[in-house]
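Where a number appears in this text, it was derived from the coordinates with a stated rule and is not lab data. Keep in mind that what you see is a predicted model, and the values were worked out from it rather than measured. Neighbour counts are summed over all protein chains in view; Cβ atoms, including those assigned to glycine, are modelled from backbone coordinates with ideal geometry.
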Amino acid sequence: MQRTTSQEQLNAREEQLRALLLRGMAGDAGAYRQFLASLGAHLRGYLRRRLAQRPAEVEDLLQEVLLAVHNARHTYHDDQPLTAWVQAIARYKLADHFRAFARREALHQPLDHDEDTELFAFSDDEPAQASRDLGLLLQRLPDRQRLPIMHVKLEGRSVEDTARLTGLSSSAVKVGIHRGLKALAGMIGGKAKP
């Protein structure tokens, strides 16, 4: 009896998962449930390695990834490797998770004594004025530029979430951000001139 190599095992696992997904997409609910359960077991290990410092967050993130796979299943093409498709989704969700974690942590950073004195040295209405100015500038942009900037840059959403919200493609969201930021820079530069 020959021992199979780890690559052969990975290939067999890939084919098994792919077959279950395709059967599930064809209407076999049992195969689809089995696909999600098997995929969840494999993703759990992938996420545990990446969240070793925060193991309590693995299960929540696993559910998010499985939901994203479920919602994006119509984008899978049977001629592409399943694991590459799933890993791309998992990487995006992991990146979103780390960004959200960083934002939450930044809100809970204690102020040093020196920062306390700086905090009270500035007027409270400066950020509000800057926010109003930015809002006025954004209103001058077309929706295809303004909405991607608002969702991705200001709200911290992913490009994919923004694409779903706006009905734009992911590449159109990226182009909209690039062109919109360039237009905003031009507006600000134009305002600075006498």
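Projecting the Cα atoms of ALA90, GLY24, GLN9 onto the charge dipole of segment 6-107 (Cβ charges, centred on the Cα centre) puts ALA90 farthest toward the positive pole. Extension gain, MET25 to LEU154: 0.36 nm times the residue separation minus the Cα-Cα distance gives 42.8 nm.
Summing +1 for each Lys or Arg and -1 for each Asp or Glu, what net charge is found among the other residues whose Cβ lies under 11 Å from the Cβ of SER170? Combined, the nearby Lys, Arg, Asp and Glu give 0. Using R0 = 35 Å, the C-beta based FRET efficiency linking GLU15 and LEU67 works out to 0.90. The calculated FRET efficiency for the pair ALA52 and GLN139, based on their C-beta separation and a Förster distance of 45 Å, comes to about 0.50. Measuring spread by the Cα atoms of segment 6-107 yields a radius of gyration and Dmax of 14.6, 47 Å.
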